[in-house]
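Here the structure is laid out as structure tokens; the discussion comes afterwards.
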Amino acid sequence: MKKNLCRFNSVLISISLLLIISATTQAQEKSLYERLGGYEAISAVIDDFAERLFADPVVGKRFFGMSKDSRDGFKQKNKNLVCAVTGGPCKVISRDAKTTHVGLGIKASEFDIVAKHLTDVLNKFKVPKKEFDELMAIIAKLRPDIVEKEGQ
Ligand code: HEM
């Protein structure tokens, strides 16, 4: 009887240890921000991404007439946004996506071009698939607030 009680106790201790280890591992899962390489990495991705948008023959037209200062502001706002939504220590400094894009008549095909540029840059920076998928899922959620003309 005493032996059985002892065995029961050691099983209980083993289970508790496993639960503690599993909880600690989960708590240590790094934020997407950290896994992307932190602010410097995000900043470099956005700089490259924004330059591709400005130079694009289709969506580049959307940014005609923007001064260097406005383009720099656009980059900074996007850096803060990505940093914040991935769990980083930044403050969102842009207005919400709906407010800033409504009335531009952005087509679904334009959103796809922008998403493709982001894909290309993330691949260039060798962002692993898991982090790539997580970031693209966050960006995809903004789609309904940005696209006004579906099916084009
Ligand atoms: C893919 C997701 C997108 C994100 C995360 C995004 C993010 C942003 C941000 C943060 C701003 C600055 C807002 C502010 O000034 O407060 C902005 C502005 C702007 N975005 Fe986007 N955008 C996206 C898609 C698009 C698309 C598809 C287009 C069109 C091709 C576009 C065109 C513009 C333009 C023209 C502005 C400047 C608006 C203005 O200053 O009047 N964006 N965007």
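Bear in mind that the values in this text are calculations on the coordinates, not laboratory data. Predicted model only: the values in this text are computed from it and were never measured. Cβ atoms come from the backbone with ideal geometry, glycine included; neighbour counts cover every protein chain shown.
Quick rundown of the values:
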| read-out | value |
| --- | --- |
| Answer residue from the stretch 51-63, given it is exposed (fewer than 15 other Cβ atoms within 10 Å of the Cβ) and of a type in the set (A, V, I, L, M) and is nearest to the ligand (Cβ to nearest atom) among those | Val58 |
| Filtered residues of the stretch 113-133 (kept if of a type in the set (D, E, K, R) and surrounded by fewer than 15 Cβ atoms within 10 Å (Cβ to Cβ)) | Lys116, Asp120, Lys124, Lys126, Lys129, Lys130, Asp133 |
| Elements of type helices (runs of 4 or more DSSP H) in the stretch 47-128, at least 2 residues being of a type in the set (Gly, Ala, Ser) | 68-85, 108-124 |
| Filtered residues of the stretch 64-75 (kept if within 24 Å of Asn123 (Cα to Cα) and near the ligand (Cβ under 9 Å from one of its atoms)) | Phe74 |
